[in-house]
1. State the number of lysine pairs found in the chain whose Cα atoms come within less than 28 Å, restricting to pairs 8 or more positions apart or on distinct chains.
2. Between the range 2-18 and the range 264-317, how far is it from one alpha carbon centroid to the other, in angstrom?
3. Grab the DSSP H runs of the chain that are 4 residues or longer, score each as -39,500 (n - 2.57), total them, divide by all residues and round the 222 nm result to the nearest 500 deg cm²/dmol.
4. Using a Förster distance of 45 Å, how high is the FRET efficiency between THR122 and LYS21, based on the Cβ-Cβ distance and rounded to 0.05?
5. About the Cα centre, and with charges only on the beta carbon of Lys, Arg (+1) and Asp, Glu (-1), how big is the dipole of the chain? Nearest 20 debye, please.
6. Using R₀ = 45 Å, calculate the FRET efficiency as 1/(1 + (r/R₀)^6) where r is the Cβ-Cβ separation of ARG114 and THR2; round to 0.05.
7. Over all alpha-carbon pairs in the range 156-282, figure out the percentage whose distance exceeds 21 Å.
8. Per residue of the range 282-292, what does 6.51 cos²θ - 1.76 cosθ + 1.60 with θ = phi - 60° give for ³J(HN,Hα)? Whole Hz please, x for Gly and Pro, Karplus curve as stated.
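Each value in this text was obtained by applying a stated rule to the coordinates, not by laboratory testing. Source: prediction; values computed, not measured. Cβ coordinates were reconstructed from backbone atoms using ideal geometry, including for glycine residues, and neighbour counts include every protein chain displayed.
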Amino acid sequence: ATPAATMVGSTLAATNGVLFKGGDVLEQVRGIDTVVFDKTGTLTHGEMVLTDVEPVGEPIADGGAVAGDGDAATGPEPDRQEPLESFVLGAAATAESGSEHPIARAIVEAADERDVAVDTPTDFENVPGKGVRAETDRGTVLIGRRTLLEDNGVDTAPAEETLSQLESEGKTAMPVAVDGQLRGVLAVADEVRESARETVAELRDRGIDVVMLTGDNERTARAVAEDVGIDPENVRAEVLPEDKADHVDVLQAGDGPTAGGERETGGRRVMMVGDGVNDAPALTTAQVGVAIGSGTDVAIESADVTLMRDDPADVLKAVNISEATISKVR
Ligand code: ADP
Ligand code: MG
């Protein structure tokens with residue numbers, strides 16, 4: 001494109017809330033054949049709300065801190081005599097109070113609303129893509145993916161039915177353990193952005209393949225994919241933060257697992273759309289990285305395009321403007 005055409009295109013895009021980082025990007029966008037969407041915060045609002053608190057197991061009858069009947073004789077800390085449900089939520093919220101993850105914020109907010117005591121953890125560790133571990137007044141708390149608990153010697157099998165049920169509803173469900181004991185399951189949910197469905201449909205109509213990439217579990221990811229119209233085989237779930245860029249690489253370079261012999265044979269021209277710190281390397285790796293405007297600074301810095309209105313439909317706008325601008329000068 002001529003500098004003038006590029007200027008016109010970029011300006012037109014900017015008035016539509018689509019910020020291109022330089023004229024080259026307009027040309028890059030034109031050739032893309034695959035759009036990879038992050039799930040949380042990109043296809044969805046990323047504003048999680050706590051939906052479920054499910055205690056697992058029986059309250060400890062004597063000597064435990066979780067006896068539910070408020071009988072001061074049964075526990076060492078009378079002020080901590082609380083029903084298992086409050087205990088689980090309070091322990092989780094205390095652990096999460098050190099995290100800025102949308103899941104963490106939802107849990108802390110719910111505890112506050114329900115007047116469940118949230119303390120300051122004495123020690124806190126964020127395990128990226130997996131959850132948190134913290135030392136709290138209620139004990140050592142683990143909350144997050146099943147693997148986080150399993151890696152720490154906690155069997156999550158007793159919670160499996162509850163977890164699976166919540167996940168098939170499209171919720172993100174997390175087991176909670178305190179002092180090595182499985183105590184309950186929390187679930188959070190997030191709304192799909194209004195334009196996600198029509199955007200996916202229109203991209204597919206144009207022959208652009210649509211893929212979902214998420215750290216969330218398979219069942220939840222598939223439920224959301226079905227909701228927005230993404231093929232189940234195009235869902236890449238349970239992807240660790242450090243592996244997101246690899247998935248983009250595989251699509252582009254084609255030196256990845258092609259065992260099934262299906263379409264994952266690479267050579268794609270990928271546009272990656274994301275919002276999180278986790279997405280930054282994938283945004284850089286993709287031919288075109290697109291950041292959600294309300295996303296993290298790192299995502300915006302790593303991207304070639306920023307969608308100021310947080311609207312997935314603006315992905316189409318970027319494609320349209322790029323096509324119009326580039327074809328005019330050919
Ligand atoms: P996404 O790719 O969907 O943005 P993340 O990579 O941030 O997700 O997290 C992947 C999964 O790890 C979450 O779905 C959740 O199960 C777990 N997880 C991450 N952070 C936390 C946290 N602070 N508390 C509980 N679970 C968490
Ligand atoms: Mg995200």
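1. Lysine pairs meeting the criterion: 13.
2. 19
3. My calculation for the chain gives -10500 deg cm²/dmol from helical runs alone.
4. After rounding, the FRET efficiency stands at 0.55.
5. Approximately 1800 debye in magnitude.
6. About 0.15, to the nearest 0.05.
7. 48
8. Along the range 282-292, the couplings run 5, 5, 6, 5, 5, 3, 10, x, 10, 9, 6 Hz.
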